[in-house]
1. Who wins for biggest fluctuation among Thr88, Thr20, Thr45 in a Gaussian network model of the chain, springs between alpha carbons below 10 Å?
2. What are the ³J(HN,Hα) couplings of segment 20-30, residue after residue, when phi is run through the Karplus curve with 6.51, -1.76, 1.60 and θ = phi - 60°? Round to Hz, x for glycine and proline.
3. Report, in cubic angstrom per residue, the convex hull volume of the C-alpha atoms of the chain.
4. Which order do peptides 48-59, 97-108 fall in by mean Cβ count within 10 Å, highest first?
5. Test of understanding: in a Gaussian network model of the chain with alpha carbons linked when under 10 Å, which of Phe35, Phe13, Phe22 would top the mean-square fluctuation ranking?
6. Given R₀ = 25 Å, FRET efficiency for Ala121-Asp72 by Cβ-Cβ distance, to 0.05?
7. Based on the Cα coordinates of segment 1-60, what is the per residue volume of their convex hull in Å³?
8. Per residue, how many Å² of accessible area does the chain show with a 1.4 Å probe?
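The values are calculated or read from the model by the stated rules, or taken from the named source; none is laboratory data. Small disclaimer: the values here were computed from a predicted structure and weren't measured. When we count neighbours, we look across all protein chains shown, and the Cβ atoms used for this are built from the backbone with ideal geometry, even at glycine. Please note that ligands, DNA and RNA were not included when accessible areas were found on the heavy atoms of the full protein model with its side chains. Shrake-Rupley method; radii C 1.70, N 1.55, O 1.52, S 1.80 Å.
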Amino acid sequence: QNAGLKLLKHESFDPYRRPTVFPKNGYKGLKLKKFDPDGSKYEITEDIEELKSNVVCRCERATEYEILDAMDRCGVNVDTTQAIRRRTRAGMGQCQGKYCEKHVAAMIAKKKRIKIDSISARPWPAT
């Protein structure tokens, strides 16, 4: 302010945002959702409790709810598996996304109504 810069208050800014990764008690109450390899039959349920219990990434225990929540945050365009990875840790576990990256890509494709092949994935091969 003293240097001549005028500070404007942003009314909609919330410095206390809710977390993107929610704490879990081990695997209690969680289940691994069955997923077809090509992702064409994937459906997003409307039941919030089911979304919170369906695990997409078994290494990091990231649920469908966390991934969909990360995609729906205000002002953030999440259209790659890497963007989801940074926000929810899905794909950052021991397998490095070998099992869950296709599932995350299918979720993005379904939510954005685009083909799964157009979803950008990691630029390096699975280990």
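1. Thr45
2. Rounded to whole hertz, the list is 8, 10, 9, x, 10, 9, x, 9, 4, x, 9.
3. It comes to 171 Å³ per residue, whole-number rounded.
4. Working: 48-59: 17.8, 97-108: 22.7.
By packing density, highest mean first, the sequence is 97-108, 48-59.
5. Phe13
6. 0.75
7. For segment 1-60, the hull spanned by Cα atoms encloses 219 Å³ per residue.
8. I get 70 Å² per residue for the chain.
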